Amino acid sequence: MNELNRFSDHTYFKIQKRLADGFLELRKVTEELGSRTRQLGWKQRNVLIDHVYSDYQKHYQLMFARKEWEEVSWEYNVHNRLFELLREYRDLYGYFPEYIELYDQINGIIELAVKQDEFEIAKILVKWKEQFFSE
C-alpha cells in the first residue's frame, strides 16, 4: 500500500471520500447491531423468566434465544472494534491523514485472524477493507 504515497491529490481525495463514507456506513451498521444485541438480550432475559416460571420446561427456547444473542453480539463486537480503530485514525475534520497506516493495521488484523482460524472475523474485515480502499 506504500504506492498510495505517490497518488495525486485527486486520488487522495477519492480515498478520503471512500473512507469518510465507509466510516459513516460502518457507524450505522454498528449502531443497528448494537440495538439488535440489546433487543435480543432483553428477549433472552424474558425467555429465562418464562423458563423459570414454567418449572424449567423451556430449555430449547432458552438455548435458541441465547444462541441468537451470542451470534449478533459477536458480530456487533467485531464491527464495534473496527469502528473504534477507524475513530483512532480520524482527524477533527473527518479525514484519515494516516490512511496508509490504517490500511496496514487492518491488513495485520486480517492476517492475524486468518492465522488463528477466525475466518468469520477476516471475512467481515475484508468486506470493509474493500469498501474503504477499493475502487
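Per-residue answers, yes or no, for (1) of a type in the set (Phe, Trp, Tyr); (2) over 15 Å from the mean Cα position of the chain (by Cα):
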site: ALA20; (1), (2): no, yes
site: ARG36; (1), (2): no, no
site: GLN39; (1), (2): no, yes
site: TRP69; (1), (2): yes, yes
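Looking across the range 95-121, just one residue is surrounded by fewer than 19 Cβ atoms within 10 Å (Cβ to Cβ) and of a type in the set (Gly, Ala, Ser), and that is GLY108.
The set of residues from the range 8-65 being outside any helix (DSSP H, G or I), surrounded by fewer than 17 Cβ atoms within 10 Å (Cβ to Cβ) and not small (Gly, Ala, Ser) comprises ASP55, TYR56, GLN57. Scanning the range 74-93 for residues that are touching a Leu at 6+ places or on another chain (Cβ under 6 Å) and not in a helix (DSSP H, G or I) turns up nothing.
Apart from one condition, GLU120 fits all of (1) farther than 19 Å from ARG18 by Cβ; (2) over 16 Å from the mean Cα position of the chain (by Cα); the exception is (2). Considered as a group, the residues in the range 10-55 that are small (Gly, Ala, Ser) and more than 16 Å from LYS129 (Cα to Cα) include one that is modelled with the lowest pLDDT, and that residue is SER54.
The values are calculated or read from the model by the stated rules, or taken from the named source; none is laboratory data. As the structure is a computational prediction, the values presented were derived from the model and not from experiment. No Cβ is skipped: glycine too gets one built from the backbone with ideal geometry, and neighbour counts run over all protein chains shown.
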